[in-house]
Amino acid sequence: IGRDRSRRSRVVRKDKCVMRYRLAAMVLAFEAVTVGLAIPVATAAARPLTLVAVICVLTAAIVRRPGGMAVAWAVQVVLLALIVIVPAFAFVAVPYVALWWFCVRIGTRIDRERLHAEDATDGTDVP
């Protein structure tokens with residue numbers, strides 16, 4: 001019985017550690033919208049911006065899957081690399097990459113605190 005309970009608690013823990021992924025997907029979705037709105041302004045880089053916007057949307061959809069966070073971090077690097085093509089894009093890329101880092105960090109902290117609270121109550125709900 002003890003083994004079965006530990007297996008179930010691991011499954012429950014995996015399901016409860018979602019705040020980091022939710023915040024990451026939210027930032028990626030907003031990045032996609034912002035990059036999409038920048039396309040008409042930066043006509044010289046319309047194709048790369050369109051590609052990055054589509055990749056942001058697709059990455060937001062897979063961020064929970066294995067390797068999804070690594071792909072999302074790569075998208076952030078690509079956003080910073082776009083500054084070389086469109087220097088004015090620094091006003092968009094730098095704040096979004098900072099927001100990305102902050103949301104991943106805070107989401108991880110929230111998930112960790114949620115797990116510690118769950119361990120403290122031994123998995124039982126307290127009204």
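Read-outs throughout are calculated quantities, based only on the coordinates presented, and are distinct from any laboratory measurement. The shown structure was predicted, so the numbers you read here are calculated from the model rather than taken from an experiment. Neighbour counts are summed over all protein chains in view; Cβ atoms, including those assigned to glycine, are modelled from backbone coordinates with ideal geometry.
Observations on the structure shown:
- Shape of segment 33-127, Cα gyration tensor, a/c cut at 1.5: prolate
- Extending 7 Å from the Cα toward the beta-carbon at both A117 and A74 defines two label points whose distance is 3.5 nm.
- Across segment 96-111, coupling constants 3J(HN,Hα) worked out from phi with the 6.51/-1.76/1.60 Karplus curve, θ = phi - 60°, read 5, 5, 5, 4, 4, 4, 4, 5, 5, 5, 5, x, 5, 5, 4, 4 Hz, and Gly and Pro carry x.
- Fully extended contour minus Cα-Cα distance, from T34 to V84, at 0.36 nm per residue: 16.2 nm
- Two-site label geometry, T50 and I110: point separation in nm, points 7 Å out along Cα→Cβ: 3.5
- Peptides ranked, highest mean first, by Cβ atoms within 10 Å: ranges 108-121, 57-70, 29-42: 29-42, 57-70, 108-121
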